[in-house]
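Each remark here refers to the structure printed beneath this line.
The values are calculated or read from the model by the stated rules, or taken from the named source; none is laboratory data. All values derive from a computational prediction rather than experimental measurement. Cβ atoms come from the backbone with ideal geometry, glycine included; neighbour counts cover every protein chain shown. Protein only, heavy atoms only, side chains kept; ligands, DNA and RNA dropped before computing areas. Shrake-Rupley method; radii C 1.70, N 1.55, O 1.52, S 1.80 Å.
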Amino acid sequence: MTEGRRLVRFSRNLVDNRLQVSCEIIPQAEYDEEDIVISCVYRSETRNCWFTSVDIIYLLERLAGTPFSVEEKNRIRRNLEGLKPTTVSKNRRGYEHFFQRIMDFPPPKPRNIEKDVKVFPWSALTEALKKIISKYVSYTFSLLSSCSSSQRYPSSLSSRLTPPTRHH
């Protein structure tokens, strides 16, 4: 496993008009590009976990079951601005190391190209998903359990998605 990151695999289940999303932590060796997997990146300076705008758009596309146009991705980015993302850049003082960590991860890469990237606290993932999905569909959205180290296979209903594990 790459230091400072946990891979989180999501699965979706559409039951009637309810989109159920569950997740589990997986080791790097279990990563399959056919799965829906994003990175939970730990930043030691803040002792918080983060996800990138690239990962959230990828996750939304996979949950929706359709790729988004460039215009739609830009609309999503604007909608997510309300969650007050942090811009991480190689030239932004105090973020150089975090930026490089994000750039250096192997697949699945939490970025597309080497440029500034917006990151969001992991604790905002549920809100981000609900906010964007509600603009596209009239499904009821729920996350099944939380991704925690003590419960590797989610089974109960939860209103929050918490960081999968605490990184060292």
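Quick rundown of the values:
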read-out	value
The stretch 119-125 - phi-based ³J(HN,Hα) in whole Hz, Karplus 6.51/-1.76/1.60, Gly and Pro as x	10, 10, x, 3, 5, 8, 4
Spin-label model distance (nm) - Lys90 vs Asp32, 7 Å beyond Cα toward Cβ	3.5 nm
Cut-off under 5 Å, modelled amide H: who pairs with Ser44 long-range	none
Of all accessible heavy-atom area on the stretch 70-119, the percent that carbon and sulfur account for (1.4 Å)	45 percent
Long-range HN-HN contacts of Tyr31 with modeled amide H, under 5 Å	none
Partners for Lys135 among lysines (Cα-Cα distance below 24 Å; same-chain residues under 8 apart left out)	Lys73, Lys84, Lys118
Listed residues Glu33, Glu45 arranged by accessible area, highest first, probe 1.4 Å	Glu33, Glu45
Prolate/oblate/rounded label for the stretch 1-69 (Cα gyration tensor, a/c 1.5)	prolate
Probe 1.4 Å, protein heavy atoms only - accessible area per residue of the stretch 29-108 in square angstrom	53 Å²
Share of carbon and sulfur in the accessible heavy-atom surface of the stretch 1-69 [1.4 Å probe, %]	43 percent
Placed amide H near Ile36: partners under 5 Å, 5+ positions off or other chain	Phe10
Hits among aspartates and glutamates - C-alpha to C-alpha of Lys130 under 16 Å, sequence gap 8 or more where chains match	Asp55, Glu61, Glu81
